[in-house]
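Below is one structure, written out as structure tokens, with a few remarks after it.
The values are calculated or read from the model by the stated rules, or taken from the named source; none is laboratory data. These figures come from a predicted structure and were not determined experimentally. Cβ: placed from backbone, ideal geometry, glycine included. Neighbour counts: every protein chain shown.
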Amino acid sequence: MSLIAGLGGGAPTQVAPPRENRSRAYRPLLAPGLVYLVLFFVVPVGSLLAMSLYVKTPGGDLGDYSPAFRWQNYVDAVVNFYPQILRSFGFAAIATVACLAIGYPIAYAIAVRARNLPLVQNMLLILVVAPFFTSFILRTIAWKMILADEGWVVAALHWLQVLPEGGRLTATPFAVICGLTYNFLPFMILPIYAGLGRLDPRLLEAGADLYATPFTCFRKVTLPLSMPGVVGGTLLVSIPAAGDYVNAVLLGNNTNTAMIGQVIDQRFFRILDYPTAASLSVILMVAILLLVSLYIRRAGTEDLL
Amino acid sequence: MADPGAALEIWGVTKRFGSFTAVDDLDLTIPRGEFFALLGPSGCGKTTTLRMVAGLEKPTAGLLSIEGRDVTGVPPHRRPVNTVFQSYALFPHLTIAENVAFGLRRKREKEIDTRVAEALELVELGGMAQRRPSQLSGGQQQRVALARAIVNRPAVLLLDEPLGALDLKLRRQMQLELKRIQTEVGITFVHVTHDQEEAMTMADGVAVMNKGRIEQMGAPEHLYELPRTAFVANFLGQSNLVRGNVVEVRSDGAVGVDVGGNRVLVRADRARDTEGAVLVGVRPEKITMLVDGQESSPGQNVLGPGVVTDVSFTGVSTQYQVDVPGVGVFGVFAQNLVGAATVALGATVRLAWSARFTFGVDGDEDVREGTVDVDCEP
């Protein structure tokens, strides 16, 4: 699939093995994965789809629902929660662009500039991956402290008069987007790094030899050849970012920063409104699938699939 | 200082990588329109020289000028040269036509499509314009790389072992092709190769490089007939080199050399030294073998007797190894005129060759200098 092609080492031109080698021998190898997917993906998605159409049991307890085909659940979900749905995709888009803006130069520095310095390269890669050694939640809470009203960031911004009197960073969309960007940045850097690492430096020499300035070389050779990594990175960032709720919960407020994941979480675990939570989940899933397939078609990277 | 007739001039160029000197105080002038070859074993500095001309390496010292203009400090994209890379370095994300148009677009030239089509026609790839490099064979990619460089009409076209990745048959075919194209477009070609046959087949002028220096420079036939160093004698074709001592300088301009008790004559103008220890050389195909009572002709050098230790029939010729005691082993090529080897293994023969084919090089040199197995080149 697309993401693997973006990350993996394989060249896009993989020749299919001869027919006779593609017999049924591969089937037993698929069994563990199939069993796993059926148990933990197909069954839950099926029950999610079913649950999204349930109705409240007449006279039943809180959280008591009966099987039905109430399509109105979807209409209600969209009508009630379209601001959060749109905000989720908006935040995810901004965070993805921010990750690309921050991550591409880092990936370029590691893969291209440090090409002949393997030690520096490895050190920088470890720094990129190092945050994964501690918990995602903990790091997000740390961001809450960094951006806190009494923290030095806010103090500095006040002093610089960038932030108006009484302005704050926590509980703002800015904080949520910062958190999303921070948490998903490695997923942007790594595929781009892998793509740029495969770039043959001799192609850049050829570009220079053919009258291209360093900048034109970058624009006409490096950038197009790193597109599979960029596409992979944007997918790896935007998909989980759209469904994320930890950043919105920890760094946002409950009014103008709520994301769809947060709403689903609340519906499921606080309000016990399972049908709405399920229909929102389905909407999120379908929307992501649609956007991703549109994006891949636009990106024109058939090689990725 | 600048010679307007020269396409490329190199003055005292040195390139060091750390403590390693890749190119050592090199001087070279290549006239316009010439097909010039830089020939040498791997690591001799020929590719580094080419890369300095292209601007991809900065010389540690010295000056480079192209068509009379100093380009020493000019970045590669502003030099009027183009390179055919050993790896071809075709842009995989562009079609063949876009690859060939790359340089023209950067220079914002006119009639790009027409010129690209012409260039592809020249390398006989007219129908491939819309394909991608990965859909082409090695030989076709090589032609695209050539078209991509030639289409820009550079002052100097640099070819870095362009045929190295092709198989033998295709390589021979491309050698003729390259020569045809060079004649057709009239651009100065500087061709880097480790294959002496390739250099001799194609080039008007050859510089033989060794350890960062030019050993000898000239027309291929001149280099072959009169090598001035043991390295050139061995690297360009094969040579029989033996140690001797100059014992007389004759009034007719010949130098008499004692080789293991035999008197060998070398023309003074073909001898590097006319006194002391020297190396005397002769090409294997110049030697004839005298059996039993056969007499040598006047003006011939004669060595021997020796014993034939190996006979190998190659079709065109028969190659013999003759061990002359106290002197060394000689290679002898005899043209196949009668349909079989004429001398049997173990026969006792004397070796004779015309004195005017003998050459003399510096006696301090190693007899085996330059006898590298060129096929071992990676």
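Can you spot a residue in region B:115-135 that is facing chain A (nearest Cβ under 10 Å) and under 22 Å from B:Leu50 (Cβ atoms)?
Looking through region B:115-135, none of the residues is facing chain A (nearest Cβ under 10 Å) and under 22 Å from B:Leu50 (Cβ atoms).
Can you name every residue in region A:182-213 that is in contact with a Gly (Cβ under 9 Å, 6 or more places away or on another chain), facing chain B (nearest Cβ under 10 Å), assigned to a helix (DSSP H, G or I) and not hydrophobic (A, V, I, L, M, F, W, C)?
A:Asp209
The conditions are (1) assigned to a helix (DSSP H, G or I); (2) more than 14 Å from A:Lys220 (Cα to Cα); (3) within 13 Å of chain A (Cβ to nearest Cβ), and B:Gly103 fails exactly one of them. Which is it?
Every condition holds for B:Gly103 apart from (2).
Looking at (1) on the phi < 0 side of the Ramachandran plot; (2) touching a residue at least 60 places away in the same chain (Cβ under 8 Å); (3) within 21 Å of the chain's Cα centre (by Cα), find the lone condition where B:Gly212 falls short.
(1)
Checking the structure you have, find out if any residue of region A:71-78 is under 20 Å from the mean Cα position of the chain (by Cα) and either in a helix (DSSP H, G or I) or loosely packed, with under 13 Cβ neighbours inside 10 Å (or both).
no
Which residue is surrounded by the most Cβ atoms within 10 Å (Cβ to Cβ), if the candidates are limited to region A:184-221 and must be over 30 Å from B:Ile150 (Cβ atoms) and among the aromatic types (Phe, Trp, Tyr)? Break it down into steps so the answer makes sense when it comes.
In the first step, residues of region A:184-221 are kept if they are over 30 Å from B:Ile150 (Cβ atoms); the result is A:184-197.
Right, trim to among the aromatic types (Phe, Trp, Tyr) and you get A:184, A:187, A:193.
Working: A:Phe184: 25, A:Phe187: 23, A:Tyr193: 28.
Step by step, filter region A:184-221, then rank; the result is A:Tyr193.
From the list B:Gly304, B:Gly339, pick out the single residue that is over 30 Å from B:Ser87 (Cα atoms) and without any contact (Cβ under 8 Å) to a residue 24 or more places away in the chain.
B:Gly339
This table checks each residue for (1) in contact with a Cys (Cβ under 6 Å, 6 or more places away or on another chain); (2) at pLDDT 90 or above; (3) within 23 Å of A:Ser135 (Cβ to Cβ); (4) not basic (Lys, Arg).
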| position | (1), (2), (3), (4) |
| --- | --- |
| A:Pro240 | no, yes, yes, yes |
| A:Tyr245 | no, no, yes, yes |
| A:Asn256 | no, no, no, yes |
| A:Met259 | no, yes, yes, yes |
| A:Pro275 | no, yes, no, yes |
| A:Ser281 | no, yes, no, yes |
| A:Ile296 | no, no, no, yes |
| A:Thr301 | no, no, no, yes |
| A:Leu304 | no, no, no, yes |
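Looking at A:Pro240, is it more than 30 Å from A:Ala171 (Cα to Cα) and part of a helix (DSSP H, G or I)?
Considered against the rule, which asks whether it is more than 30 Å from A:Ala171 (Cα to Cα) and part of a helix (DSSP H, G or I), A:Pro240 comes out as no.
List the residue pairs whose Cβ atoms are under 9 Å apart, where the first residue sits in region A:258-277 and is among the hydroxyl-bearing types (Ser, Thr, Tyr), the second is assigned to a loop (DSSP other than H, G, I, E, B) and modelled with pLDDT under 90, and the two are 6 or more positions apart or on different chains.
A:Tyr274/A:Gly63
Within region A:282-302, identify whether any single residue is among the aliphatic types (A, V, I, L, M) and closer than 30 Å to A:Ala114 by Cα, and answer yes or no.
Yes: region A:282-302 contains one or more residues that are among the aliphatic types (A, V, I, L, M) and closer than 30 Å to A:Ala114 by Cα.
Go through (1) under 24 Å from the mean Cα position of the chain (by Cα); (2) buried (at least 20 other Cβ atoms within 10 Å of the Cβ); (3) among the small types (Gly, Ala, Ser) one by one and return the number of the condition B:Gly306 breaks.
Result: B:Gly306 fails condition (1) only.
Do we find a residue being among the hydrophobic types (A, V, I, L, M, F, W, C) and either closer than 20 Å to A:Thr222 by Cα or at the interface with chain A (Cβ under 8 Å from one of its Cβ atoms) (or both) anywhere in region B:74-83?
Looking through region B:74-83, at least one residue is among the hydrophobic types (A, V, I, L, M, F, W, C) and either closer than 20 Å to A:Thr222 by Cα or at the interface with chain A (Cβ under 8 Å from one of its Cβ atoms) (or both).
Quickly run through region A:226-240 and pick out the residues that are within 13 Å of chain B (Cβ to nearest Cβ) and surrounded by fewer than 20 Cβ atoms within 10 Å (Cβ to Cβ).
Passing the criteria: only A:Met227.
Looking at region A:176-188, is at least one residue in contact (Cβ under 8 Å) with a residue 12 or more places away in the chain and over 30 Å from A:Pro224 (Cα atoms)?
Yes: one or more hits.
Can you name the residue in region A:1-59 that is surrounded by 12 or more Cβ atoms within 10 Å (Cβ to Cβ) and among the polar types (S, T, N, Q) and, of all such residues, is modelled with the highest pLDDT?
Looking at the filtered set, the residue picked out is A:Ser52.
Can you work out which of the residues in region B:143-184 that are within 14 Å of chain A (Cβ to nearest Cβ) and part of a helix (DSSP H, G or I) is nearest to B:Tyr88 (Cα to Cα)?
Filtering region B:143-184 for residues that are within 14 Å of chain A (Cβ to nearest Cβ) and part of a helix (DSSP H, G or I), the one nearest to B:Tyr88 (Cα to Cα) comes out as B:Ala145.
In this structure, does B:Leu94 turn out to be more than 13 Å from chain A (Cβ to nearest Cβ), buried (at least 16 other Cβ atoms within 10 Å of the Cβ), hydrophobic (A, V, I, L, M, F, W, C) and over 20 Å from B:Ile30 (Cα atoms)?
In short, no.
Anything in region B:2-40 that is in contact (Cβ under 8 Å) with a residue 60 or more places away in the chain, part of a loop (DSSP other than H, G, I, E, B) and either buried (at least 16 other Cβ atoms within 10 Å of the Cβ) or of a type outside the set (D, E, K, R) (or both)? List them, or say none.
B:Ala2, B:Pro4, B:Arg32, B:Gly33, B:Glu34, B:Gly40
Scan region B:138-151 and tell me whether some residue there is of a type outside the set (Ser, Thr, Tyr), touching a Lys or Arg at 6+ places or on another chain (Cβ under 7 Å) and within 30 Å of B:Gly68 (Cβ to Cβ).
yes
How about region A:92-120: which of its residues are farther than 18 Å from A:Ala242 by Cα, of a type in the set (A, V, I, L, M) and not in a loop (DSSP other than H, G, I, E, B)? Before the answer, list the steps.
We begin by selecting, within region A:92-120, every residue farther than 18 Å from A:Ala242 by Cα; these are A:101-120.
Narrowing further to those that are of a type in the set (A, V, I, L, M): A:101-102, A:106-107, A:109-112, A:114, A:117, A:119-120.
Selection gives A:Ala101, A:Ile102, A:Ile106, A:Ala107, A:Ala109, A:Ile110, A:Ala111, A:Val112, A:Leu119, A:Val120.
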